[in-house]
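Worksheet: one structure, shown below.
The values are calculated or read from the model by the stated rules, or taken from the named source; none is laboratory data. Small disclaimer: the values here were computed from a predicted structure and weren't measured. Using ideal geometry, Cβ is built from the backbone for each residue, glycine included, and neighbour counts are taken over all protein chains shown. The area values use the complete protein model at the heavy-atom level, side chains included, leaving out ligands, DNA and RNA. Shrake-Rupley method; radii C 1.70, N 1.55, O 1.52, S 1.80 Å.
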Amino acid sequence: TLLMPTFTSSSFYMDGGHQINKAFRPFDIRSPEIWVGAVPAAFMQRPGVRRSVHPTHSVAGVGPLADTCLCDHRENDPPTGRRSPFGKLVGHKGKMVWFGPGLACTTFFHFLEDEMDLPCLKPAICRVKRADGRVESVWVPKHLPGHREFYRNPGEETKMYRRLIQDGLEIRKT
């Protein structure tokens, strides 16, 4: 099973204020518009690829566990909570692979924040375009506003990575 992020910019209210984002578009599960790169965009166009319905942190997948990893990821769930593909990654002992970017950009860290119920996670309101063309608002709890120390490059030098490596995280480079 192969999963890839297909994130979008559909939130317009987060952390107590309106978001001004030129890339904003209501989430449309049928749209190929994503902001995480050309490789996931091309992957999403392949036959048999499915996509979760989360308005900001959707994930596309193909393979025997794709349905299992994607079907519980609801539009009004926390983006990276236990029912998300990030939570399913843990349950299925999955592995993450990066092509190009440094490790600081891993969204999986937000799963750990969700698990620890950190106060930095705040609700968001997102816009979703339905199949009939209507656009509706969706409340998303435990969204991911703000900046984290682990966003810096190189990520391996941040407090989060140093602690995870100390606790047994394996990082292999090829």
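Normalised by 2.2 N^0.38 Å, where N is the number of residues, the C-alpha radius of gyration of the stretch 102-169 stands at 1.45. Taking 0.36 nm per residue of separation and subtracting the current Cα-Cα distance, fully stretching the chain between residue 53 and residue 136 would add 28.5 nm.
Accessible area per residue for the chain, computed on protein heavy atoms with a 1.4 Å probe, is 59 Å². The listed peptides 119-125, 168-174, ordered by packing as a protection proxy, come out as 119-125, 168-174 (highest mean of other Cβ atoms within 10 Å first). Highest average first, the peptides 1-11, 68-78, 51-61 ordered by how many other beta carbon atoms sit within 10 Å of their residues are 51-61, 1-11, 68-78. These residues, 29, 34, go from largest to smallest accessible area, 1.4 Å probe, as 29, 34.
Overall, the chain carries a charge dipole of about 340 debye about its Cα centre when +1 sits on the Cβ of Lys and Arg and -1 on the Cβ of Asp and Glu, all other atoms neutral.
Against the empirical curve 2.2 N^0.38 Å, the C-alpha radius of gyration of the chain lands at a ratio of 1.02.
What part of the accessible area of the chain, given as a whole %, is carbon or sulfur when the probe is 1.4 angstrom? Using a 1.4 Å probe with all protein chains present, the chain comes out at 56 percent carbon and sulfur. For the stretch 58-111, the orientation-averaged shadow of the C-alpha convex hull comes to 3.9 nm² (one quarter of the hull surface). Per-residue SASA remark: residue 31, around 30 Å² accessible (1.4 Å probe; ligands, DNA and RNA not included). Residue ranking by accessible heavy-atom surface, 1.4 Å probe, largest first, among 98, 139 comes out as 139, 98.
Compared with the alpha-carbon gap, the fully stretched path from residue 108 to residue 157 is longer by 16.0 nm at 0.36 nm per residue.
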